[in-house]
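Enquirer: I'd like to ask you about the structure that follows.
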Amino acid sequence: TESIAIFEKAYVLAPFDIELNYLLALKYAETKNSKVLALTDSLIKADSLGIHAEPYYYRGIYYATINDKEKAIASFDFAIAHDYNFKEAHIEKGAIYYERKQYEEALKIFNLLLTVSPKYADTYYWIAKCQEATGKKEDAKLNYQRAFSLDNNLTEAKEAADKLK
């Protein structure tokens, strides 16, 4: 709550600062604050070239946190349409399908992301989660290890690989 108040004060002083807008939008989205919708509407309207994917991504985060998964997926799709290389939007969309236990659909999204960014550790991590959930333990272990080798901070990947003996 305090960080949102600080961001809101900063926003009043510098509403033109895009990075500040994005930080505030993310805070709103993560805290289930519907103010994110008005803020992202204004960011979308201000984007006369239609090139910024971030407002749609923040809307997707908001909808995912309030458990409106269909709107979340639609928002992530808009983000991806605006920037096909927006890795986080792909991951969040795939994660929703994973949560729904729609592993094949999630795998399609993650495998598509591999073509966009073949060295993105989170992709291998989520592929491994899907493989583990579908009983493909050896493949899952290999992909957990790949994820960790690409990003040593992804300790949950190493822990998951170690569990799969």
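Enquirer: Put a dot 7 Å past each Cα toward the Cβ at Thr65 and Thr134; how far apart are the dots in nm?
Expert: Rounded to a tenth, the inter-label distance reads 3.2 nm.
Enquirer: Can you tell me the relative contact order of the chain? Whole percent, Cα pairs under 8 Å, sequence separation 6 or more. Please list the in-between numbers first.
Expert: On the way: 212 pairs, mean separation 19.4, N = 165.
Result for the chain is 12 percent.
Enquirer: Of all trypsin sites (Lys or Arg not before Pro) in segment 32-123, which ones are in loop regions per DSSP and have a Cβ with at most 15 other Cβ atoms within 10 Å?
Expert: Details: sites: Lys32, Lys35, Lys45, Arg59, Lys69, Lys71, Lys87, Lys93, Arg100, Lys101, Lys108, Lys119; in loops: Lys32, Arg100, Lys101, Lys119.
Loop-located and lightly packed - Lys32, Arg100, Lys101, Lys119.
Enquirer: R0 = 25 Å: FRET efficiency of Lys45 with Glu2, Cβ-based, nearest 0.05?
Expert: Working: r = 29 Å, r/R0 = 1.16.
The value I calculate is 0.30.
Enquirer: In segment 24-165, if every C-alpha pair distance is counted and binned at 5 Å from zero, what percent goes to each bin?
Expert: Reading the bins upward from 0: 2, 11, 18, 19, 18, 14, 10, 5, 2, 1, 0.
Readers should treat all values here as calculations from the given coordinates under stated rules, not as data from a laboratory. None of these values were measured; they are calculated from a predicted model. When we count neighbours, we look across all protein chains shown, and the Cβ atoms used for this are built from the backbone with ideal geometry, even at glycine.
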